[in-house]
Amino acid sequence: MRVIRIGSRQSQLALWQAERVRKLLQLHQPLYQYKVVCLTTKGDKFIDVPLAKIGAQGLFTKELERALLEGKIDLAVHSAKDLPTRLPEGLAIGAMLKREDPRDALLAREGLQLYQLPPGAIVGTSSLRRKAQLLHARPDLKLVDLRGNIGTRVRRLENGEFDAIVLAVAGIERLGWQEKITQKLDYDLLLPAVGQGSIAVEAREDDEEIMTLIGQLDDQETRTAITAERAFLAALQGGCQVPIGAIAEVREGLLRLQGLVANLEGTTIIRDHLSGPAAAAVELGRALADSLLAQGAGEILASIRQGACR
C-alpha cells in the first residue's frame, strides 16, 4: 500500500490542519496510507523577531516547498494566507479547503471589546496589517509585537503582559478555544489577510495522482474568492510584510471583493470594493488593485518597503 507523505509545520495549529487533510483524504481514498511529516520553517526559527523585520516571502512555506520539489513529501499543508502569490516553478495549489470564518478576533482580559479597552491599552500583534487598522480605529492604543504559536500568545495575554491580542478567528476555533474570543472584528473594522480562514494543499504540478487525489478536497467558491484576493495582492506586489487586507465573497455566481492599503501609522487607509462575475476573479482582483494604486496606494507601499523590506 502506497504511503502518502503530508508535509506540515510543527505548531499545534499546523498539525491540526495537516491532520484535518489526512482525515479527509483517508475518507475519500482509503486505499492509501497517510503519514504526516513535520518540518521547521524559517518563520518558526526566528520567533523573537517581528515578521516585518525578517522581510522575506515564504517564511512559513519555503522549507515545505523545497521538500516537495526534492520528493521528500508528496503534498504540503499550509494556512492559505502564508502562501506567496508566486509559487516555485513546478508546484501548484491542488486544493483550497472550504473557508472558515476569515475574520480577525480580539481576545481581551475582562471580556472587553475594542472600543471598551482603556486609553493606551497594550495590544499584541506582529501583523502590520492589523496594527495599521487597529490604530486607525483606536490611535491611542499601544501596539506591541507578539510572535509565537497561538498557545504562547494566549498565555502571555493571560499572564497580564497585554490588555488584548488579535488572532485569526479560524485558528482559534480550530483549536477549540472559541470561548476566549471577546469580539469578532467585522470587515468595517479590520479587513483580513489574503486567504485567511482557508487551508491550502500544495503539490507537484506534474504529479497527476496526487493532484487528482487532493483535488477532491477543493471547494470551488473558496478557491474563486481566494484567487481574486491573491490576484489583488500580486498586482500590488505585496509579497513583503505590508499593510494590505482583502476579502472576497461569492454568492450566486457574483463575486464581491473589498481591499485596502494602509500606512504603518493607520492615519491613511485607501480602501475600495468592486463586484463582478465570479468567473472573472483574476481580472477583478487586478482591477481593484489598479483602483487603489490610482488613489495613491503605490506611494504608501513604496515608502513602507524602503524601511520594512530591505
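The values are calculated or read from the model by the stated rules, or taken from the named source; none is laboratory data. What you see is a predicted model, and the numbers here were worked out from it, not measured in a lab. Ideal geometry is used to build each Cβ from the backbone, glycine not excepted, and the neighbour counts take in all protein chains shown.
Answer yes if at least one residue in the range 64-81 is modelled with pLDDT of 90 or more and on the phi > 0 side of the Ramachandran plot, and no otherwise.
Here is the first cut: in the range 64-81, the residues modelled with pLDDT of 90 or more are 64-81.
Those still in the list that are on the phi > 0 side of the Ramachandran plot too: 71.
Yes, the range 64-81 contains at least one residue that is modelled with pLDDT of 90 or more and on the phi > 0 side of the Ramachandran plot.
Give me a count of the residues in the range 199-209 that are crowded, with 23+ Cβ neighbours inside 10 Å and over 12 Å from GLY71 (Cα atoms).
From the range 199-209, those crowded, with 23+ Cβ neighbours inside 10 Å are 199-203; that's our starting set.
If we keep only those that are over 12 Å from GLY71 (Cα atoms) as well, we get 199-202.
Residues in the range 199-209 being crowded, with 23+ Cβ neighbours inside 10 Å and over 12 Å from GLY71 (Cα atoms): 4 in total.
Against the definition (under 20 Å from ARG9 (Cβ atoms), out of contact with any Ser or Thr (no Cβ under 9 Å at 6 or more places or on another chain) and either modelled with pLDDT of 95 or more or loosely packed, with under 15 Cβ neighbours inside 10 Å (or both)), how does ARG155 come out, yes or no? Even if it seems obvious, please write down each step before you answer.
Values: under 20 Å from ARG9 (Cβ atoms): yes; out of contact with any Ser or Thr (no Cβ under 9 Å at 6 or more places or on another chain): yes; either modelled with pLDDT of 95 or more or loosely packed, with under 15 Cβ neighbours inside 10 Å (or both): yes.
In short, yes.
Pick out, from the range 67-148, the strands (runs of 3 or more DSSP E) lying fully within it that include 1 or more residues that are surrounded by 15 or more Cβ atoms within 10 Å (Cβ to Cβ), of a type outside the set (Ser, Thr, Tyr) and touching a helix residue (DSSP H, G or I) at 6+ places or on another chain (Cβ under 6 Å).
The qualifying strands (runs of 3 or more DSSP E) are 75-79, 91-96, 104-108, 142-144.
Among all residue pairs at least 6 apart or on different chains, which show Cβ distances below 7 Å where the first residue, located in the range 136-158, is assigned by TED's automatic domain parsing to the domain that holds VAL123 and small (Gly, Ala, Ser) and the second is crowded, with 18+ Cβ neighbours inside 10 Å and modelled with pLDDT under 95?
none
Looking at the range 264-310 only, could you name the residues that are surrounded by 15 or more Cβ atoms within 10 Å (Cβ to Cβ) and among the polar types (S, T, N, Q)?
THR268, SER291
Can you give me the number of residues within the range 232-242 that are within 16 Å of the chain's Cα centre (by Cα) and at pLDDT 95 or above?
3
Could you figure out which of (1) in the same structural domain as LEU64 (by TED's automatic domain parsing); (2) touching a residue at least 60 places away in the same chain (Cβ under 8 Å) isn't true of ILE226?
(1)
Starting from residues that are touching a strand residue (DSSP E or B) at 6+ places or on another chain (Cβ under 7 Å) and part of a helix (DSSP H, G or I), keep the ones in the range 290-310 and report whichever is farthest from GLN241 (Cα to Cα). First the steps, then the outcome.
Taking the range 290-310 and keeping what is touching a strand residue (DSSP E or B) at 6+ places or on another chain (Cβ under 7 Å), we get 291-292, 295-297, 300-301.
Within this subset, residues satisfying the condition of being part of a helix (DSSP H, G or I) are 291-292, 297, 300-301.
On the way: SER291: 21, LEU292: 18, ALA297: 15, ILE300: 13, LEU301: 10 Å.
The qualifying residue farthest from GLN241 (Cα to Cα) is SER291.
Which number in (1) surrounded by fewer than 22 Cβ atoms within 10 Å (Cβ to Cβ); (2) in contact with a helix residue (DSSP H, G or I) (Cβ under 7 Å, 6 or more places away or on another chain); (3) at pLDDT 95 or above; (4) closer than 30 Å to GLU70 by Cβ marks the one condition that GLU229 misses?
Single failed check for GLU229: (1).
Return the residues of the range 238-284 that are assigned to a strand (DSSP E or B) and either of a type in the set (Phe, Trp, Tyr) or over 25 Å from ALA302 (Cβ atoms) (or both); say none if nothing qualifies.
Passing the criteria: ALA248, GLU249, VAL250, ARG251, LEU254, LEU255, ARG256, SER275, GLY276, PRO277.
Take the residues of the range 240-263 that are farther than 15 Å from ASP188 by Cβ and in contact (Cβ under 8 Å) with a residue 40 or more places away in the chain: which is surrounded by the fewest Cβ atoms within 10 Å (Cβ to Cβ)?
CYS240
Give the residue that is farthest from the chain's Cα centre (by Cα), with candidates limited to residues of the range 1-45 that are of a type in the set (Val, Ile, Thr) and either at pLDDT below 95 or assigned to a strand (DSSP E or B) (or both). Walk me through it before giving the result.
Within the range 1-45, the subset of a type in the set (Val, Ile, Thr) is 3-4, 6, 21, 36-37, 40-41.
Going one step further and asking which of them are either at pLDDT below 95 or assigned to a strand (DSSP E or B) (or both), we end up with 3-4, 6, 36-37, 40-41.
Numbers: VAL3: 29, ILE4: 26, ILE6: 20, VAL36: 22, VAL37: 22, THR40: 18, THR41: 16 Å.
Ranking the candidates gives VAL3 first.
Could you list, in sequence order, all residues of the range 159-198 that are surrounded by fewer than 18 Cβ atoms within 10 Å (Cβ to Cβ), touching a residue at least 24 places away in the same chain (Cβ under 8 Å), more than 10 Å from ALA105 (Cα to Cα) and not aromatic (Phe, Trp, Tyr)?
GLY160, GLU161, GLU173, LEU175
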